[in-house]
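**Q** Below is a structure I'd like to ask you about.
The values are calculated or read from the model by the stated rules, or taken from the named source; none is laboratory data. If you're wondering where the values come from, they're calculated on a predicted model, not measured in any experiment. Cβ placement follows ideal geometry from the backbone for every residue including glycine, while neighbour counts extend to all protein chains displayed. SASA here: full protein model, heavy atoms, side chains in, ligands and nucleic acids out. Shrake-Rupley method; radii C 1.70, N 1.55, O 1.52, S 1.80 Å.
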Amino acid sequence: MSSQAVNPSHQALREIAWGFVLAIALSLITWALFATVRYQWRWDALWDYRFLIAHGWMMTMLISAGALVLSIALGLALMMGQRSPWIPVRLFSRGYVEIVRGTPLLVQLLIGYYIIANALHINQAVLVGIVLLASFEGAYLSEIFRGALESIGASQIEAARAVGFDRAQMYRYVIFPQALRRALPGTAGQMGALIKDSSLLSVISIEEVTQAVKMTNAQAYIALEGFIPLAVLYLALTLPLSWWARRLEARFKFDT
Amino acid sequence: MQLTAHHLTKRYGEHLALNGACFDTPADVRSVVLLGPSGSGKSTLLRVLGSLLLPESGGLSIDGNPLSTDEAAALQQRRGNGFVFQGFNLFPHLTALENVALPLRVVHGCSDDEARQRAIEVLERFGMGPHREKRPAEMSGGQQQRVALARAIASKPKLLLLDEPTSALDPMMTQEVLDLIRELAEAGQQIVLSTHEISFAKKVADWVVFLDHGKVIESSPAKEFFEHPRSDLAQQFLEALTRYR
Ligand SMILES: Nc1ncnc2c1ncn2[C@@H]1O[C@H](COP(=O)(O)OP(=O)(O)OP(=O)(O)O)[C@@H](O)[C@H]1O
Ligand SMILES: [Mg+2]
């Protein structure tokens with residue numbers, strides 16, 4: 001609200017200026033902190049492993065993209081399952097969501113890979129990784145979708161019936177468009193979480209970017225150098241997402 | 001329009017919202033006003049009349065045609081009506097124009113152009129032409145209700161059902177909306193409405209149905225009802241409503 005009183009280009013300039021000041025302050029603090037650690041920094045050692053790291057980053061993007069698509073499908077299925085009139089389907093979906101959300105991803109990955117995938121004789125780690133990650137994020141997405149759908153009030157449903165929509169038309173023209181708008185910001189947030197969660201896949205020896213950095217550290221006999229670029233590589237994926245989520249939120253604010 | 005209701009019952013859980021409501025109106029009646037204290041069953045009766053709710057028992061016919069309780073038939077019946085509720089029943093993600101045009105297109109089989117043309121025409125008639133590209137959140141309550149009325153009459157419904165269409169509005173906006181409803185009634189639109197605006201009811205009603213606790217206490221010509229209410233309940237109700245007006 002206060003930004004309305006100020007000229008918008010002024011406001012943007014101010015934000016840029018402040019951003020600059022904060023960035024410098026942050027750099028100084030970081031530099032001071034690093035200087036206190038009695039450690040011989042060997043940044044040059046990283047450079048030799050740039051292709052390994054780049055490859056890992058690609059793998060992270062690939063896995064995230066795959067898991068993303070799959071998790072949205074799973075989230076929708078679980079959401080519908082939780083609303084199903086059929087008791088076993090409803091119980092299964094509810095139970096799945098509770099168990100998956102209530103246990104650490106690390107445990108799910110270890111059990112999923114070393115026990116379940118092993119028992120099924122599936123040994124493509126990347127594929128298993130995508131499925132396990134999607135099955136984890138899908139549980140969260142289903143709750144986001146369910147919340148969005150259930151937030152469409154009874155008065156909207158009555159209005160849809162009153163104008164003569166049948167059930168399919170009601171979902172198509174009234175419920176889904178509004179639910180989608182409400183689900184988008186949360187979904188974008190969950191996508192960011194998914195990208196970061198993919199770092200855990202290193203425990204099932206998938207060479208995504210975190211694993212690549214760990215390998216670099218080991219092979220180059222360095223301890224910490226790789227983690228700074230690692231953070232930057234994740235931010236390069238998550239910052240645009242959160243920027244997009246904010247835009248969506250602003251855009252749909254007046255719509256519902 | 002001839003309305004005949006016959007021992008209608010509708011319950012919400014244990015609670016009987018309609019408890020054997022009976023009334024009928026002669027065929028020359030155009031506007032029926034439902035009156036009664038809060039919780040007496042006016043909204044429930046309107047929803048039953050509009051096939052939005054199915055009664056548990058009893059029968060209802062409009063102009064001699066009994067209303068069907070089968071869901072497919074109820075959908076067809078709903079498509080012949082226009083409905084306006086207390087408030088906030090526009091689709092918030094659509095502009096005023098789309099709120100009116102969408103049902104015309106997908107329910108009433110108009111082409112894109114026809115629907116748009118018709119929607120613009122009705123919105124302009126209600127003074128909403130300049131606001132047609134606005135979404136509900138960008139309009140005042142009175143403007144929203146005018147759009148809701150436009151949406152309800154755009155399909156030229158046989159019967160217009162209005163459930164306290166002004167109870168969420170301030171006095172100025174209430175006047176705007178009531179004037180429109182009165183114009184519609186005077187132009188011959190068949191209307192059933194519930195309201196607490198007693199002086200408005202006096203002006204538009206041909207017939208009054210007075211409810212209490214889910215029963216019809218009185219069903220009589222408007223003039224007769226307002227001048228000589230037969231039941232004590234209706235007398236008290238009218239007195240209470242007119243005391244501060
Ligand atoms: N969805 C519902 N669930 C449970 N009870 C309901 C529901 N809708 C209405 N009722 C009950 O049914 C009774 C009749 O309600 P109704 O809304 O028809 O009254 P009304 O005459 O329209 O009242 P008002 O003037 O306050 O709008 C009330 O006692 C109300 O509490
Ligand atoms: Mg009511």
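**Q** Going through segment B:175-196 one residue at a time, which ones are within 16 Å of ligand 2 (Cβ to nearest atom), crowded, with 20+ Cβ neighbours inside 10 Å and not in a strand (DSSP E or B)?
**A** B:195
**Q** I'd like to check something: does segment B:43-57 contain any residue that is more than 30 Å from residue A:181 (Cβ to Cβ) and touching an Asp or Glu at 6+ places or on another chain (Cβ under 9 Å)?
**A** Within segment B:43-57 (the criterion being more than 30 Å from residue A:181 (Cβ to Cβ) and touching an Asp or Glu at 6+ places or on another chain (Cβ under 9 Å)), the answer is yes, since at least one residue qualifies.
**Q** What's the number of the condition residue B:115 fails, among (1) at the interface with chain A (Cβ under 8 Å from one of its Cβ atoms); (2) open to solvent by less than 10 Å² (accessible area, probe 1.4 Å)?
**A** Every condition holds for residue B:115 apart from (1).
To keep it simple, each residue is scored yes or no on (1) within 17 Å of residue A:230 (Cα to Cα); (2) open to solvent by less than 60 Å² (accessible area, probe 1.4 Å); (3) modelled with pLDDT of 85 or more; (4) among the β-branched types (Val, Ile, Thr).
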site: A:10; (1), (2), (3), (4): no, no, yes, no
site: A:14; (1), (2), (3), (4): no, no, yes, no
site: A:17; (1), (2), (3), (4): no, yes, yes, no
site: A:23; (1), (2), (3), (4): no, yes, yes, no
site: A:29; (1), (2), (3), (4): no, no, yes, yes
site: A:37; (1), (2), (3), (4): no, no, no, yes
site: A:43; (1), (2), (3), (4): yes, no, no, no
site: A:50; (1), (2), (3), (4): yes, no, yes, no
site: A:54; (1), (2), (3), (4): yes, yes, yes, no
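**Q** Tell me which residues, restricted to segment B:197-209, are in contact with a Phe, Trp or Tyr (Cβ under 7 Å, 6 or more places away or on another chain) and either open to solvent by less than 50 Å² (accessible area, probe 1.4 Å) or aliphatic (A, V, I, L, M) (or both).
**A** The answer is B:208, B:209.
**Q** Quick one: would you say residue B:156 is among the charged types (D, E, K, R), within 14 Å of chain A (Cβ to nearest Cβ), within 24 Å of residue A:252 (Cα to Cα) and open to solvent by 30 Å² or more (accessible area, probe 1.4 Å)?
**A** It is false that residue B:156 is among the charged types (D, E, K, R), within 14 Å of chain A (Cβ to nearest Cβ), within 24 Å of residue A:252 (Cα to Cα) and open to solvent by 30 Å² or more (accessible area, probe 1.4 Å).
**Q** Could you check how many residues of segment B:97-107 are open to solvent by less than 10 Å² (accessible area, probe 1.4 Å) and either at pLDDT below 95 or not in a helix (DSSP H, G or I) (or both)?
**A** Selection size over segment B:97-107: 0.
**Q** Out of segment B:1-18, which residues are more than 16 Å from ligand 2 (Cβ to nearest atom), assigned to a strand (DSSP E or B) and over 19 Å from the mean Cα position of the chain (by Cα)?
**A** B:6, B:7, B:9, B:11 - these are the residues of segment B:1-18 that are more than 16 Å from ligand 2 (Cβ to nearest atom), assigned to a strand (DSSP E or B) and over 19 Å from the mean Cα position of the chain (by Cα).
**Q** Take the residues in segment A:217-256 that are away from chain B (no Cβ under 14 Å) and aromatic (Phe, Trp, Tyr); name whichever of them is farthest from the chain's Cα centre (by Cα).
**A** Among those residues, the one meeting the criterion is A:221.
**Q** To continue, here is another question. I'm trying to understand the selection: among the residues of segment B:13-60, which are open to solvent by 20 Å² or more (accessible area, probe 1.4 Å), on the phi < 0 side of the Ramachandran plot and away from ligand 1 (no atom under 12 Å from the Cβ)?
**A** Once the filter is applied, which keeps residues that are open to solvent by 20 Å² or more (accessible area, probe 1.4 Å), on the phi < 0 side of the Ramachandran plot and away from ligand 1 (no atom under 12 Å from the Cβ), segment B:13-60 yields B:22, B:24, B:26, B:27, B:28, B:30, B:54, B:55, B:56, B:57, B:59.
**Q** A follow-up question, please. Is it true that residue A:214 is within 14 Å of chain B (Cβ to nearest Cβ) and either open to solvent by 80 Å² or more (accessible area, probe 1.4 Å) or touching a strand residue (DSSP E or B) at 6+ places or on another chain (Cβ under 6 Å) (or both)?
**A** no
**Q** Follow-up. Assess whether residue B:224 counts as being in a strand (DSSP E or B) and more than 14 Å from every other protein chain (Cβ to nearest Cβ).
**A** No; evaluated as a whole, the condition is false for this residue.
One line per residue, one yes/no per condition, for (1) within 19 Å of residue B:51 (Cα to Cα); (2) modelled with pLDDT of 90 or more:
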{"site": "B:148", "(1), (2)": "yes, yes"}
{"site": "B:153", "(1), (2)": "yes, yes"}
{"site": "B:168", "(1), (2)": "no, no"}
{"site": "B:172", "(1), (2)": "no, no"}
{"site": "B:198", "(1), (2)": "no, no"}
{"site": "B:220", "(1), (2)": "no, yes"}
{"site": "B:241", "(1), (2)": "no, no"}
{"site": "B:244", "(1), (2)": "no, no"}
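**Q** Tell me which residues, restricted to segment B:35-57, are away from ligand 2 (no atom under 16 Å from the Cβ) and either within 23 Å of residue B:79 (Cβ to Cβ) or not in a strand (DSSP E or B) (or both).
**A** Across segment B:35-57, the qualifying residues are B:51, B:54, B:55, B:56.
**Q** Test of understanding: among B:78, B:146, which residue is of a type in the set (Lys, Arg) and closer than 16 Å to residue A:174 by Cβ?
**A** Being of a type in the set (Lys, Arg) and closer than 16 Å to residue A:174 by Cβ holds for just one of B:78, B:146, which is B:78.
**Q** Given the structure, is residue B:85 in contact (Cβ under 8 Å) with a residue 60 or more places away in the chain and either open to solvent by less than 10 Å² (accessible area, probe 1.4 Å) or within 16 Å of ligand 2 (Cβ to nearest atom) (or both)?
**A** yes
**Q** Being in contact with a helix residue (DSSP H, G or I) (Cβ under 7 Å, 6 or more places away or on another chain) and either open to solvent by 20 Å² or more (accessible area, probe 1.4 Å) or within 16 Å of ligand 2 (Cβ to nearest atom) (or both) narrows it down to one of B:214, B:141, so name that one.
**A** From the options B:214, B:141, the qualifying one is B:141.
**Q** Can you tell me which residue in segment B:58-82 is nearest to ligand 2 (Cβ to nearest atom), limited to those that are within 14 Å of chain A (Cβ to nearest Cβ) and among the aliphatic types (A, V, I, L, M)?
**A** Looking at the filtered set, the residue picked out is B:74.
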